[in-house]
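Notes follow once the structure below has been shown.
The values are calculated or read from the model by the stated rules, or taken from the named source; none is laboratory data. All of these numbers come straight from a predicted model, not from anything done at the bench. Backbone-built Cβ (ideal geometry, glycine too); neighbour counts: all protein chains shown. Side chains are part of the model used for accessible areas, which takes the heavy atoms of the whole protein and leaves out ligands, DNA and RNA. Shrake-Rupley method; radii C 1.70, N 1.55, O 1.52, S 1.80 Å.
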Amino acid sequence: MQKKRIFKTPKAGKILKYGTIYLSKWIRRKPLIFNLNLNVTNLCNQNCPMCNAVIVGQGSGTTVRFEQVRQYLEILKPHRIASLTISGGEPSLVKDMPEIFDYVADKFPFGVNCNSNLYAQESVIRRFAEAALRNNIRIGTSFDGFGETADNLRGAKDVAVRVEKNIAMLTEMRREMNSSSTLNMHTVISDSNIEQVPDILALSQKFGWTQTLAPVNNFFYQDSSDPRAPRLHYSEKLEEVIRLASTMPHIAISKSFLHGIPQYVKGGQDKYCPYLTGIFKVFKIFLDPNGDVSLCSRTPLGNITKHSLEKIFSGEKYERDIAAYRRCPGCWMACFVEVLLATPKWYQRMIVNVKS
């Protein structure tokens, strides 16, 4: 076993350092990227109707190899990206994940997070989790309900039972390994599961995991005609769930984001988009297994093995993509919105409700 890497929370000096780096990039009109979302595979063992990733289904698709990850990060090294999110598809299905975890663990000063549905068989999850826990990498999993509700929302069978079993296993593994990894459960609230959300919150608290919440978001680039796609309507039950969550110490999203959920569902929330506003005009990029770069819509804008990010973010494909975001009514996703809610109020007043 390799020596465990200890990742320390960024200190004020490191935050100031990266703030200075990004301010300099903004002044020089260079791509400003705080977070890299690395999609390590297009394979998935679930078929969630609300998923906004490009998933081609079990048994097909592309998967990144360790050597490709090393190549991509070397190309992106000059951009001084602060944090890494690993997603897919389903990362636990990727053969090279232990090597990838070992390689990326100390290369992002604001940390590495990996999202997994924890639905695979125990041996697969154990191998995946051991490498992540060894490197103190944050592991996030989706838990959207129990019984038939979970199966419908995740497009698979016996979801809650299998995932809860693996959650218990990871909890014990973290204890045995003395790992500093944060373990987080994420729940997408919809009409389908809203009655179960209190029990989900109790489950994450029972296992000592942090918990995040978000409303179901139906993006402008998704097929809204899919009858399986969940919806969320405003109700007193939604307000009750938000009030309950706001009292629980393991909730790991800001109060401003949490309390903004009902307003968003009612259609009255301000629009925040990091791709349109202020110094956050790039902020977060998605990188597919083949090296294609995209923003929120996952529309490929260019390939980093062929073109620089400067060229990709000044091309016609980029401009067409941005034009679509100007027409977008807005979302309420923590990875896009929460960072803007953390900015000063005077700045927020400058950037909300951006129109073309």
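Just a few scattered comments:
- Taking segment 10-128 and the strands (runs of 3 or more DSSP E) fully enclosed by it, the elements with 1 or more residues that are at pLDDT below 95 and open to solvent by 20 Å² or more (accessible area, probe 1.4 Å) are at 33-39.
- Here Asp270 meets each of (1) out of contact with any Gly (no Cβ under 8 Å at 6 or more places or on another chain); (2) open to solvent by 40 Å² or more (accessible area, probe 1.4 Å); (3) under 23 Å from Asp321 (Cβ atoms) with one exception, condition (1).
- Failed criterion for Ser204 (all others in (1) within 30 Å of Ala324 (Cα to Cα); (2) among the hydroxyl-bearing types (Ser, Thr, Tyr); (3) touching a Ser or Thr at 6+ places or on another chain (Cβ under 8 Å); (4) touching a residue at least 60 places away in the same chain (Cβ under 8 Å) hold): (1)
- Any hit, segment 171-191, residues being among the β-branched types (Val, Ile, Thr), out of contact with any helix residue (DSSP H, G or I) (no Cβ under 8 Å at 6 or more places or on another chain) and at pLDDT 95 or above: yes
- A search for C-beta distances below 7 Å between a residue of segment 244-269 that is in a helix (DSSP H, G or I) and any residue that is of a type in the set (D, E, K, R) and surrounded by 19 or more Cβ atoms within 10 Å (Cβ to Cβ), counting only pairs 6+ apart in sequence or on different chains, returns Phe257/Glu338.
- Answer from Lys165, Lys157 - the residue that is among the basic types (Lys, Arg) and not in a helix (DSSP H, G or I): Lys157
- For segment 222-238, the set of residues classified as out of contact with any Asp or Glu (no Cβ under 8 Å at 6 or more places or on another chain), loosely packed, with under 14 Cβ neighbours inside 10 Å and touching a residue at least 12 places away in the same chain (Cβ under 8 Å) consists of Asp226, Arg228, Ser235, listed by residue number.
- Residue count, segment 162-198 (criterion: under 23 Å from the mean Cα position of the chain (by Cα), of a type in the set (Asp, Glu) and loosely packed, with under 15 Cβ neighbours inside 10 Å): 1
- All positions within segment 293-324 that are open to solvent by 20 Å² or more (accessible area, probe 1.4 Å), closer than 24 Å to Asn218 by Cβ and outside any helix (DSSP H, G or I): Arg298, Thr299, Pro300
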